[in-house]
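The values are calculated or read from the model by the stated rules, or taken from the named source; none is laboratory data. Computed from a prediction, not measured in an experiment: that's the story for all the values here. Cβ sites come from the backbone with ideal geometry, for glycine too, and all protein chains shown count toward neighbours.
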Amino acid sequence: MKWSSMFMAAVWLCAAVSGGGRPGSRGPAAALELYGNFHSLGVIASLAAGEDPDGDAQASLEYRLPGGEYQAAFPLSRVRADRFAGSLFWLQPYTSYEVRVTLADPDGGALEGVVLQSSAATRREPALPAASHTYYASPQGGGSACTLAEPCGLANGLQAVQPGQELVLLGGVYYQGDFTLPRSGVEGAPIVIRGQVGETAVLDGGDPAVFTWTLLGGGVYQSTVNIGSPHLAAADGQRLAPYTSLADLQNLAWSVPGFYAQGTQVYLRLAGDADPNQAHIVVSRYNTAFTIEQDFIYIANLTFRHYGQGDYAKAIYLSGASSNLVQGCTFALNDLGIGFKYGSGRNLVQDNLFYDTVYDWPWDAFYSGIDMLGSGLSFYSPVSGRGNVIRRNVFHDFFDGFDACPEETGGETNETDIYQNLVYRAGDDGMETDGECSNVRIWGNTFHDVLVGISLAPVYTGPVYALRNLVYRTGQGNNDYTGTPFKFNSGYNASGPMYLFHNTADAVMPGNNGLYIKAPGEWALIQARNNIWAGTDAALDNYNTGQPVDLDYDDLWTSSAPLVRWDSSSYDSLAAFSAASGQEAHGLNLEPGFRYAPGGDYALDSLSPLVDQGLFIPGINDGFSGAAPDLGAFELGGAGPLLRLYLPLAMRGP
């Protein structure tokens with residue numbers, strides 16, 4: 001990979017500068033930090049102690065290309081006494097931007113009129129470079145040369161490959177795992193581990209042995225396996241529920257086929273009490289495929305399945321690993337596809353398929369009956385790394401599709417971007433943004449056939465931005481709950497500010513609200529603009545009205561009554577609700593006019609009454625078509641900087 005040394009010398013991805021005060025004054029100790037991802041920049045303004053004792057200062061944000069005109073962006077949010085945080089959106093990769101933050105203090109204090117300026121660049125898009133040397137491995141490989149004619153084993157290939165080189169896995173099933181990679185690549189010369197083009201290389205954490213199963217009675221069979229504490233078993237491609245006691249398995253306490261493991265003794269009970277000797281049974285024997293503690297490792301076009309032995313099993317474990325790429329892979333029936341922990345940052349997970357078979361399992365079983373949660377990707381606590389990007393992946397048939405925030409982090413902000421992912425058939429949350437989340441940006445994703453689209457319960461510190469996401473067919477899964485596109489309620493500490501702009505939500509299923517705000521839960525702010533909340537029950541139901549919400553310019557639509565439930569009151573008209581609550585002063589109550597909702601096409605029809613009815617929000621919907629922005633996730637005509645690129649996948653059209 002060639003890098004332009006002249007350009008790179010002028011680019012920095014994380015820049016900080018101290019602020020200056022008004023002319024002739026002693027400048028305060030405020031400082032500005034910028035953090036660049038591919039299409040966004042995190043902006044963090046830090047204050048010194050005592051600079052704004054009453055906490056009422058504000059921070060406006062502007063940006064420009066070098067030499068251009070400054071343009072307004074969405075203001076920074078006050079997230080701590082000594083910190084503002086915010087983001088720039090829709091930027092071009094590998095481009096330098098100049099940023100200006102202006103502080104204002106209505107008391108005329110030390111921050112009044114202070115201007116902070118800096119510049120930083122967005123990240124360069126990665127690519128699989130031409131390798132300086134190619135090694136080959138195969139499942140039966142035993143050669144030492146690692147050539148196409150004489151491939152080696154996977155372990156030898158991993159030991160051989162150096163920065164700038166690649167290891168190509170030939171097609172077949174590699175019943176191997178628990179590899180810790182020996183070295184890092186370097187910037188511009190990563191280590192590439194990929195599948196052979198036109199072939200399917202599968203890393204399988206299951207035991208290839210064929211076990212003999214003995215009937216114990218009552219449909220339960222037993223066998224002795226080779227490795228103790230298997231946490232994953234499957235029959236004919238369907239995961240078996242990991243029961244926590246033999247008695248629960250014998251009784252099928254959760255009404256789904258399952259297994260129970262005690263050391264190397266494994267007990268099965270299949271659907272219809274079928275004989276497992278007549279089925280293809282997989283029992284896991286490896287905890288991970290790859291543990292990566294290194295940087296610049298690129299993994300592409302591989303399939304990972306059946307990693308589930310012991311605790312915290314996952315196919316790929318990024319442990320303090322940065323600047324790695326996972327691309328074009330399939331993750332099937334693993335306890336977890338990819339796990340992040342410690343200083344893992346600037347990793348890119350893109351264009352992968354994650355799936356399991358647990359969508360129909362009872363909701364209660366995951367919290368009180370079996371020992372798993374079921375997810376494609378997770379951030380373990382703590383994660384101090386920043387700048388991880390999850391984009392253009394597909395997640396389906398999980399309990400939770402994936403999560404994007406750790407419980408705690410040593411970093412100031414996460415700077416995590418999640419966009420253009422498709423999530424469907426999730427028995428609980430399509431995406432969990434729960435934990436320490438600051439400068440987390442969620443845009444252009446599609447969620448359908450889920451109980452909840454995006455969980456924000458809670459998001460510590462903030463801000464979190466949810467922009468132009470599509471969520472429909474909520475309230476799904478094996479449960480007794482109604483759904484919602486966004487979840488805010490939790491019994492944990494308070495969330496920071498959350499911004500919901502230009503989302504489209506259509507409940508579709510009977511008895512579900514367009515937006516449902518439950519209790520308990522505390523937060524600094526929920527601000528919503530230009531969304532479509534379409535319910536089959538109320539369009540909006542909020543019974544946590546003691547917490548701050550700021551709702552306006554949204555379309556509230558339902559074919560039933562009431563239109564809104566607000567605490568203990570119900571309103572059949574938007575005018576009555578607005579007069580009583582002060583919310584949605586510019587809101588609408590109009591049938592949205594989607595192009596073809598039954599087929600998942602939620603773009604607005606050209607005759608929709610929601611065209612040109614939105615609020616202009618600098619930095620969020622610049623470059624809209626027509627007289628004003630449209631409501632919902634789709635702007636008719638696809639105008640605006642990079643807008644079409646980031647529309648939900650279901651809405652981008654040919």
Which condition breaks for Y342 when tested against (1) out of contact with any Asp or Glu (no Cβ under 8 Å at 6 or more places or on another chain); (2) surrounded by fewer than 21 Cβ atoms within 10 Å (Cβ to Cβ); (3) farther than 30 Å from R83 by Cα? (3)
Give me the residue from segment 61-77 that is touching a residue at least 24 places away in the same chain (Cβ under 8 Å) and not aliphatic (A, V, I, L, M) and, out of that set, surrounded by the fewest Cβ atoms within 10 Å (Cβ to Cβ). P66
Looking at the structure I just gave you, is G310 surrounded by fewer than 20 Cβ atoms within 10 Å (Cβ to Cβ), in contact with a His (Cβ under 7 Å, 6 or more places away or on another chain), small (G, A, S) and in contact (Cβ under 8 Å) with a residue 24 or more places away in the chain? yes
Which of the residues spanning segment 127-167 are in a loop (DSSP other than H, G, I, E, B), crowded, with 20+ Cβ neighbours inside 10 Å and on the phi < 0 side of the Ramachandran plot? S138, G141, P151, V161
Out of Y460, Y492, I need the residue that is outside the structural domain of L91 (by TED's automatic domain parsing) and in contact with a Gly (Cβ under 7 Å, 6 or more places away or on another chain). Which one? Y460
If we only count strands (runs of 3 or more DSSP E) wholly inside segment 71-122, which ones have 3 or more residues that are hydrophobic (A, V, I, L, M, F, W, C) and in contact with a strand residue (DSSP E or B) (Cβ under 8 Å, 6 or more places away or on another chain)? 83-88, 96-104, 115-121
Pair list, Cβ under 8 Å, 6 or more apart: segment 594-621 residue β-branched (V, I, T), other residue at pLDDT 95 or above and assigned to a strand (DSSP E or B): V611/L604; I617/F501; I617/R529; I620/L467; I620/F501
In the set T474, T484, T446, the lone residue that is buried (at least 24 other Cβ atoms within 10 Å of the Cβ), hydroxyl-bearing (S, T, Y) and over 17 Å from I517 (Cα atoms) is T446
Take G411 and tell me if it is more than 27 Å from D360 (Cβ to Cβ), assigned by TED's automatic domain parsing to the domain that holds A505 and not acidic (D, E). yes
Any residue at all in segment 441-458 that is of a type in the set (K, R), farther than 25 Å from S570 by Cα and not in a strand (DSSP E or B)? no
Does T461 meet the test of being touching a strand residue (DSSP E or B) at 6+ places or on another chain (Cβ under 7 Å), closer than 30 Å to D612 by Cβ, in contact (Cβ under 8 Å) with a residue 60 or more places away in the chain and surrounded by 20 or more Cβ atoms within 10 Å (Cβ to Cβ)? no
Could you say whether any residue in segment 375-388 is more than 28 Å from P230 (Cβ to Cβ), in a strand (DSSP E or B) and not hydroxyl-bearing (S, T, Y)? yes
Restricting to segment 411-432, what's the tally of residues that are without any contact (Cβ under 8 Å) to a residue 60 or more places away in the chain and among the acidic types (D, E)? 2
Just to verify a result, which residue in segment 587-607, among those that are surrounded by 23 or more Cβ atoms within 10 Å (Cβ to Cβ) and out of contact with any helix residue (DSSP H, G or I) (no Cβ under 9 Å at 6 or more places or on another chain), is nearest to H502 (Cα to Cα)? L604
List pairs: first residue in segment 393-408 and in the same structural domain as V383 (by TED's automatic domain parsing) and more than 11 Å from S378 (Cβ to Cβ), second residue in a loop (DSSP other than H, G, I, E, B) and polar (S, T, N, Q) anywhere in the structure, Cβ distance under 6 angstrom, at least six positions apart or on different chains. N393/N352; N393/N421; D397/T357
Give me a count of the residues in segment 338-397 that are touching a Lys or Arg at 6+ places or on another chain (Cβ under 9 Å) and among the β-branched types (V, I, T). 6
Would you point out which residue out of G411, G444, G427 is out of contact with any strand residue (DSSP E or B) (no Cβ under 6 Å at 6 or more places or on another chain) and more than 17 Å from N347 (Cβ to Cβ)? G427
